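What follows is a set of notes on a single structure, which appears directly below.
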Amino acid sequence: MIGYLAVVDIQVLEGALVEVPTATGMDRRAFGEFVGPQGELASYASGWTTGSDPHVAHLSVGIGAGNPGGGTFHAVVFEHEDGHAFSLTDDPFERVPEGGPDLTADEARAHEDLPFIWWVADQIMQRDRRAWWMRHWLLRTTCIRTREIFERSEPILLVQHDAEDGRWQLIGASDADGGTGKIGHLHHAIDEDQSLIDTLDLPPGGSATRAGAESPWNRRL
(Lines give C-alpha, C1' and ligand atoms only; values in the text may rest on other atoms or scores of the structure.)
Protein backbone atom coordinates (compact mmCIF):
# COMPACT_ATOMS: atom_id res chain seq x y z
CA MET A 1 0.00 0.00 0.00
CA ILE A 2 2.78 2.46 0.84
CA GLY A 3 4.45 1.91 -2.52
CA TYR A 4 1.14 2.30 -4.31
CA LEU A 5 0.29 5.55 -2.58
CA ALA A 6 3.69 6.93 -3.49
CA VAL A 7 2.86 6.89 -7.20
CA VAL A 8 -0.83 7.81 -7.30
CA ASP A 9 -2.11 11.34 -7.55
CA ILE A 10 -3.01 12.83 -4.19
CA GLN A 11 -4.20 16.42 -4.40
CA VAL A 12 -4.32 18.99 -1.62
CA LEU A 13 -5.89 22.07 -3.18
CA GLU A 14 -5.32 25.27 -1.25
CA GLY A 15 -8.33 27.54 -0.93
CA ALA A 16 -8.93 30.84 0.83
CA LEU A 17 -6.82 32.25 3.65
CA VAL A 18 -8.95 34.36 5.98
CA GLU A 19 -7.18 36.73 8.39
CA VAL A 20 -9.02 38.62 11.12
CA PRO A 21 -7.29 40.90 13.67
CA THR A 22 -7.88 39.95 17.31
CA ALA A 23 -6.94 41.39 20.69
CA THR A 24 -3.81 39.20 20.76
CA GLY A 25 -2.72 39.34 17.12
CA MET A 26 -4.20 37.72 14.02
CA ASP A 27 -6.65 34.85 13.64
CA ARG A 28 -5.75 32.87 10.51
CA ARG A 29 -7.93 30.21 8.89
CA ALA A 30 -6.82 28.33 5.77
CA PHE A 31 -9.35 26.37 3.72
CA GLY A 32 -8.81 23.66 1.14
CA GLU A 33 -9.92 20.47 -0.57
CA PHE A 34 -8.44 16.97 -0.58
CA VAL A 35 -8.75 14.49 -3.43
CA GLY A 36 -7.49 10.96 -2.76
CA PRO A 37 -6.08 8.34 -5.14
CA GLN A 38 -9.48 6.71 -5.62
CA GLY A 39 -11.33 9.99 -5.89
CA GLU A 40 -12.04 10.24 -2.16
CA LEU A 41 -13.10 13.76 -1.24
CA ALA A 42 -12.63 15.77 1.92
CA SER A 43 -12.60 19.45 2.74
CA TYR A 44 -10.69 21.07 5.54
CA ALA A 45 -9.87 24.18 7.50
CA SER A 46 -6.79 24.75 9.61
CA GLY A 47 -5.98 27.75 11.73
CA TRP A 48 -4.23 29.46 14.58
CA THR A 49 -4.32 32.76 16.46
CA THR A 50 -1.05 34.59 16.99
CA GLY A 51 -0.42 35.60 20.57
CA SER A 52 -2.77 32.95 21.91
CA ASP A 53 -1.94 30.95 25.01
CA PRO A 54 -1.71 27.97 25.04
CA HIS A 55 0.08 27.63 21.71
CA VAL A 56 -2.45 25.33 20.02
CA ALA A 57 -3.74 25.23 16.44
CA HIS A 58 -6.94 23.71 15.02
CA LEU A 59 -7.99 21.46 12.17
CA SER A 60 -11.43 20.49 10.85
CA VAL A 61 -11.87 17.78 8.20
CA GLY A 62 -15.24 17.02 6.65
CA ILE A 63 -16.39 14.04 4.58
CA GLY A 64 -19.61 12.70 3.12
CA ALA A 65 -21.84 15.75 3.11
CA GLY A 66 -25.46 14.59 2.81
CA ASN A 67 -24.59 10.93 3.44
CA PRO A 68 -25.55 8.98 6.57
CA GLY A 69 -21.90 8.46 7.50
CA GLY A 70 -20.84 12.02 6.78
CA GLY A 71 -19.49 14.35 9.40
CA THR A 72 -16.90 16.92 10.37
CA PHE A 73 -14.03 15.85 12.60
CA HIS A 74 -12.39 18.51 14.78
CA ALA A 75 -8.93 18.30 16.30
CA VAL A 76 -6.38 20.46 18.03
CA VAL A 77 -2.81 20.46 16.76
CA PHE A 78 -0.01 20.91 19.27
CA GLU A 79 3.74 20.64 19.67
CA HIS A 80 4.89 17.13 20.49
CA GLU A 81 8.56 16.18 20.94
CA ASP A 82 10.28 17.51 17.78
CA GLY A 83 7.09 17.77 15.75
CA HIS A 84 3.34 18.02 16.08
CA ALA A 85 0.46 15.80 17.11
CA PHE A 86 -3.34 15.78 16.79
CA SER A 87 -6.03 15.25 19.41
CA LEU A 88 -9.76 15.06 18.76
CA THR A 89 -11.89 17.68 20.45
CA ASP A 90 -15.57 18.26 21.13
CA ASP A 91 -15.30 21.92 20.17
CA PRO A 92 -16.17 22.66 16.51
CA PHE A 93 -13.60 24.83 14.72
CA GLU A 94 -14.93 25.50 11.20
CA ARG A 95 -17.67 24.35 8.85
CA VAL A 96 -16.38 22.93 5.57
CA PRO A 97 -18.22 22.07 2.33
CA GLU A 98 -17.81 18.28 2.44
CA GLY A 99 -18.66 18.05 6.12
CA GLY A 100 -21.86 16.78 7.64
CA PRO A 101 -22.78 17.16 11.32
CA ASP A 102 -20.08 18.18 13.79
CA LEU A 103 -18.83 15.07 15.57
CA THR A 104 -17.81 14.98 19.21
CA ALA A 105 -14.46 13.46 20.08
CA ASP A 106 -16.17 10.21 21.18
CA GLU A 107 -18.25 10.05 17.99
CA ALA A 108 -15.14 10.65 15.91
CA ARG A 109 -13.22 7.89 17.72
CA ALA A 110 -16.03 5.43 16.99
CA HIS A 111 -16.31 6.43 13.32
CA GLU A 112 -15.13 3.82 10.81
CA ASP A 113 -13.44 6.48 8.67
CA LEU A 114 -11.23 7.92 11.43
CA PRO A 115 -8.03 6.29 9.97
CA PHE A 116 -8.82 8.02 6.67
CA ILE A 117 -9.26 11.35 8.48
CA TRP A 118 -5.85 11.04 10.16
CA TRP A 119 -4.29 10.20 6.78
CA VAL A 120 -5.90 13.30 5.26
CA ALA A 121 -4.65 15.38 8.20
CA ASP A 122 -1.10 14.15 7.60
CA GLN A 123 -1.35 14.97 3.89
CA ILE A 124 -2.58 18.48 4.69
CA MET A 125 0.36 19.10 7.03
CA GLN A 126 2.78 17.84 4.38
CA ARG A 127 1.33 19.58 1.32
CA ASP A 128 -0.54 22.75 2.28
CA ARG A 129 1.89 25.68 2.52
CA ARG A 130 -0.30 27.45 5.09
CA ALA A 131 -0.01 24.35 7.26
CA TRP A 132 3.80 24.69 7.06
CA TRP A 133 3.41 28.24 8.35
CA MET A 134 1.13 27.00 11.13
CA ARG A 135 3.63 24.28 12.06
CA HIS A 136 6.50 26.76 12.35
CA TRP A 137 4.25 28.86 14.59
CA LEU A 138 3.51 25.81 16.74
CA LEU A 139 7.17 24.83 17.03
CA ARG A 140 8.35 28.41 17.57
CA THR A 141 10.99 27.88 14.90
CA THR A 142 13.83 30.36 15.31
CA CYS A 143 15.61 32.23 12.56
CA ILE A 144 18.36 34.78 12.13
CA ARG A 145 17.56 37.91 10.12
CA THR A 146 20.18 40.34 8.96
CA ARG A 147 19.84 43.84 10.38
CA GLU A 148 18.57 45.09 7.02
CA ILE A 149 15.88 42.39 6.89
CA PHE A 150 14.88 43.03 10.50
CA GLU A 151 14.56 46.76 9.81
CA ARG A 152 12.73 45.98 6.55
CA SER A 153 15.10 48.13 4.52
CA GLU A 154 15.84 45.20 2.17
CA PRO A 155 13.67 42.37 0.84
CA ILE A 156 14.59 38.78 1.69
CA LEU A 157 16.54 37.32 -1.23
CA LEU A 158 18.02 34.22 0.39
CA VAL A 159 16.40 31.70 2.72
CA GLN A 160 18.76 29.10 4.11
CA HIS A 161 17.94 26.14 6.36
CA ASP A 162 21.24 25.19 7.95
CA ALA A 163 22.20 21.53 7.94
CA GLU A 164 24.23 21.56 11.17
CA ASP A 165 21.92 23.20 13.69
CA GLY A 166 18.65 23.39 11.72
CA ARG A 167 18.48 27.16 12.11
CA TRP A 168 16.93 29.31 9.40
CA GLN A 169 18.68 32.37 7.98
CA LEU A 170 16.98 35.23 6.11
CA ILE A 171 19.35 37.42 4.10
CA GLY A 172 18.90 40.35 1.73
CA ALA A 173 21.23 42.07 -0.73
CA SER A 174 23.81 42.94 1.94
CA ASP A 175 26.27 40.34 3.19
CA ALA A 176 25.26 38.66 6.43
CA ASP A 177 27.06 40.04 9.49
CA GLY A 178 27.05 37.73 12.48
CA GLY A 179 27.53 40.67 14.80
CA THR A 180 24.36 42.48 13.77
CA GLY A 181 22.00 39.60 13.02
CA LYS A 182 18.72 39.42 14.94
CA ILE A 183 17.39 36.16 16.37
CA GLY A 184 13.62 35.77 16.37
CA HIS A 185 10.79 33.51 15.33
CA LEU A 186 10.38 32.48 11.72
CA HIS A 187 6.61 32.94 11.81
CA HIS A 188 7.03 36.67 12.51
CA ALA A 189 9.06 37.02 9.31
CA ILE A 190 6.29 35.19 7.39
CA ASP A 191 3.74 37.56 8.91
CA GLU A 192 5.64 40.40 7.24
CA ASP A 193 6.35 38.62 3.93
CA GLN A 194 3.89 35.85 3.12
CA SER A 195 5.77 34.92 -0.05
CA LEU A 196 8.09 33.01 2.28
CA ILE A 197 5.50 30.23 2.54
CA ASP A 198 6.91 28.83 -0.71
CA THR A 199 10.19 28.06 1.10
CA LEU A 200 8.95 26.66 4.40
CA ASP A 201 9.43 23.00 3.55
CA LEU A 202 13.16 23.39 2.79
CA PRO A 203 15.03 20.43 4.31
CA PRO A 204 18.16 20.99 6.41
CA GLY A 205 20.89 22.05 3.99
CA GLY A 206 18.37 23.49 1.53
CA SER A 207 18.12 27.09 0.39
CA ALA A 208 16.06 29.30 -1.88
CA THR A 209 16.97 32.51 -3.69
CA ARG A 210 15.16 35.14 -5.73
CA ALA A 211 16.17 38.19 -7.71
CA GLY A 212 13.75 40.60 -6.05
CA ALA A 213 10.75 40.91 -3.77
CA GLU A 214 8.29 40.10 -6.58
CA SER A 215 10.38 37.35 -8.19
CA PRO A 216 9.74 33.60 -7.80
CA TRP A 217 11.87 31.53 -5.47
CA ASN A 218 14.51 29.19 -6.91
CA ARG A 219 15.10 26.27 -4.59
CA ARG A 220 18.32 24.35 -4.00
CA LEU A 221 17.87 21.13 -2.04
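The values are calculated or read from the model by the stated rules, or taken from the named source; none is laboratory data. Just so it is clear, the model here is predicted, and its values are computed rather than measured. Positions of Cβ are generated from backbone atoms using ideal geometry, with glycine treated the same way; all protein chains shown enter the neighbour counts. These accessible areas exclude ligands, DNA and RNA; they are computed on the full protein's heavy atoms, side chains included. Shrake-Rupley method; radii C 1.70, N 1.55, O 1.52, S 1.80 Å.
The GluC sites (Glu not before Pro) of the range 66-155 meeting both criteria, a DSSP state outside H, G, I, E and B (loop) and at most 13 other C-beta atoms within 10 angstrom of the site's C-beta, are Glu81, Glu112, Glu151.
Taking a sphere under 15 Å around the Cβ of Ser153 and counting the other residues whose Cβ falls inside, with K and R at +1 and D and E at -1, yields a net charge of -3.
Could you state the accessible area per residue of the chain in Å², with a 1.4 Å probe and every protein chain left in place? Kindly include the intermediate steps, with their values, before the conclusion.
Values: 11210 Å² over 221 residues.
In whole numbers, the chain has 51 Å² accessible per residue.
Annotation for His111 and Val18: the two label points, set 7 Å from Cα along the Cα-Cβ direction, are 2.0 nm apart. Evaluated at 25 °C with a viscosity of 0.890 mPa s, what Stokes-Einstein diffusion coefficient in µm²/s does the range 17-68 have when Rh comes from the Kirkwood expression over alpha-carbon pairs? So the translational diffusion coefficient is about 194 µm²/s. Taking amide H positions as modeled 1.01 Å from N, with prolines and chain starts lacking one, the residues under 5 Å from Asp102 and 5 or more places away or on another chain are Thr72.
The amide H of Arg167, built 1.01 Å from its N in the peptide plane, has Asp162 as neighbours under 5 Å, considering only residues 5 or more places off or on other chains. Solvent-accessible area of Arg109, all protein chains in place: 130 Å² (probe radius 1.4 Å, heavy atoms, ligands and nucleic acids excluded).
Both radii are taken from the alpha-carbon atoms of the range 38-113; with Rh as the Kirkwood radius, Rg/Rh is 1.01. Roughly what percent of Cα-Cα pairs across the chain reach past 28 Å? Result for the distance tail: 35 percent.
Couplings 3J(HN,Hα) of the range 16-31, computed from phi: 6, 10, 10, 10, 10, x, 10, 5, 9, x, 9, 8, 10, 9, 10, 10 Hz, in residue order, whole Hz [Karplus 6.51 cos²θ - 1.76 cosθ + 1.60, θ = phi - 60°; x for Gly and Pro]. Shown in residue order for the range 127-139 are the 3J(HN,Hα) couplings computed by the Karplus curve 6.51 cos²θ - 1.76 cosθ + 1.60 at θ = phi - 60°: 10, 8, 5, 5, 5, 4, 4, 4, 5, 5, 5, 4, 7 Hz (x for Gly and Pro).
Report, in debye and to the nearest 20, how large the dipole of the range 139-199 comes out about its Cα centre when Lys and Arg carry +1 and Asp and Glu carry -1 on their Cβ. Before the final figure, lay out the partial values.
Details: 6 positive and 12 negative charges, 41 e Å.
Around 200 debye, computed over the range 139-199.
How many percent of the accessible area of the chain is carbon or sulfur, using a 1.4 Å probe? Please list the in-between numbers first.
Numbers: 5640 of 11210 Å².
Answer for the chain is 50 percent, counting heavy atoms of protein chains only.
Basic side chains Lys and Arg get +1 at the Cβ, acidic Asp and Glu get -1 at the Cβ, and with that the dipole of the range 50-151 about its Cα centre reaches some 500 debye. Each Lys and Arg Cβ is given +1 and each Asp and Glu Cβ -1; about its Cα centre, the chain then shows a dipole of about 480 debye.
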